[in-house]
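Take a look at the structure below.
The values are calculated or read from the model by the stated rules, or taken from the named source; none is laboratory data. None of the values given here were measured: they were computed from a predicted structure. Glycine also receives a Cβ, built like all others from the backbone with ideal geometry; neighbour counts cover every protein chain displayed.
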Amino acid sequence: MGVGIPIFIRDDDVLVKSSSGNEIKRFISIHETIKSCGFIHRPGILVLELFSFPEIIDYIKNETLADKMDPQFHGLFHLEYHKFNTDKIIDHINLAQKTFENWFGKRFTRLYAPWGGNSLNLQEACSFCNVQLVDCNKDYYPIEQAVHFSDLSVLKEKEIAIHWWKQGTINRLKRLK
Ligand SMILES: [Zn+2]
């Protein structure tokens, strides 16, 4: 890659149940591909979905401690946070922070709002909790677009977005390096 900046791969909806049948295997193979390409994996965690996958928690923790993963918050579930009042959003963020600390030994710094949602309440809650709100503004490039970049240094301060369950994602990741 050789662009001299860390490249972050944002990966939403981890690990929501999918038709793939083996979510864990798929998630790990996405992560191992990201790692072998020299990128940093930023999974968007749906905290209460992860309770269905207790065996993955230590894996995420170890990869996080090794600086190969940077888990962030995508919701307790895939909820319409942009329609919630501020206190309720704050409650969800606080509960998620406690869970992150327990599981991964680390707090998150970003809320990837489901559906790229935004609202004044979301902004207020995130600023109160000292979390960066990421909505659908162009802080990221979908991988389908990023594979066409000849120079990845345009990704400074930005991320590449994937969905771990999407067909073709692993091949596109390999094309990026
Ligand atoms: Zn999502």
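Only one residue in Thr64, Thr33, Thr99 is under 24 Å from Val131 (Cα atoms), touching a helix residue (DSSP H, G or I) at 6+ places or on another chain (Cβ under 6 Å) and in contact (Cβ under 8 Å) with a residue 40 or more places away in the chain, so which one is that?
None of the other options fit; the residue is Thr64.
Considering region 153-162 alone, what residues qualify as being buried (at least 18 other Cβ atoms within 10 Å of the Cβ) and at pLDDT below 85?
Within region 153-162, Leu155 is the sole residue that qualifies.
Does region 31-52 contain at least one residue that is surrounded by fewer than 19 Cβ atoms within 10 Å (Cβ to Cβ), farther than 29 Å from Lys174 by Cα and of a type outside the set (Gly, Ala, Ser)?
Yes: one or more hits.
Of these, Glu80, Glu55, which one is surrounded by fewer than 14 Cβ atoms within 10 Å (Cβ to Cβ), closer than 21 Å to Leu133 by Cβ and either within 14 Å of the ligand (Cβ to nearest atom) or at pLDDT below 95 (or both)?
Working: Glu55 fails: closer than 21 Å to Leu133 by Cβ.
Unique residue meeting the criteria: Glu80.
Within the bounds of region 103-116, is there any residue that is without any contact (Cβ under 8 Å) to a residue 24 or more places away in the chain, closer than 24 Å to Asn171 by Cβ and of a type outside the set (Gly, Ala, Ser)?
Going residue by residue through region 103-116, those that are without any contact (Cβ under 8 Å) to a residue 24 or more places away in the chain are 107, 116.
Within this subset, residues satisfying the condition of being closer than 24 Å to Asn171 by Cβ are none.
No - not one qualifying residue is present in region 103-116.
Those residues that are more than 14 Å from the chain's Cα centre (by Cα), at pLDDT below 95 and not in a helix (DSSP H, G or I), I need them from region 119-151; list them, please.
Answer for region 119-151, where residues must be more than 14 Å from the chain's Cα centre (by Cα), at pLDDT below 95 and not in a helix (DSSP H, G or I): Asn137, Lys138, Val147, His148, Phe149, Ser150, Asp151.
Please state which one of Lys98, Lys68, Lys106 is touching a strand residue (DSSP E or B) at 6+ places or on another chain (Cβ under 9 Å) and more than 16 Å from the ligand (Cβ to nearest atom). Give the derivation first.
On the way: Lys98 fails: touching a strand residue (DSSP E or B) at 6+ places or on another chain (Cβ under 9 Å); Lys106 fails: touching a strand residue (DSSP E or B) at 6+ places or on another chain (Cβ under 9 Å).
After applying the criteria, what remains is Lys68.
Inspect region 152-160 for any residue being assigned to a loop (DSSP other than H, G, I, E, B), touching an Asp or Glu at 6+ places or on another chain (Cβ under 8 Å) and basic (Lys, Arg) and give the result as yes or no.
yes
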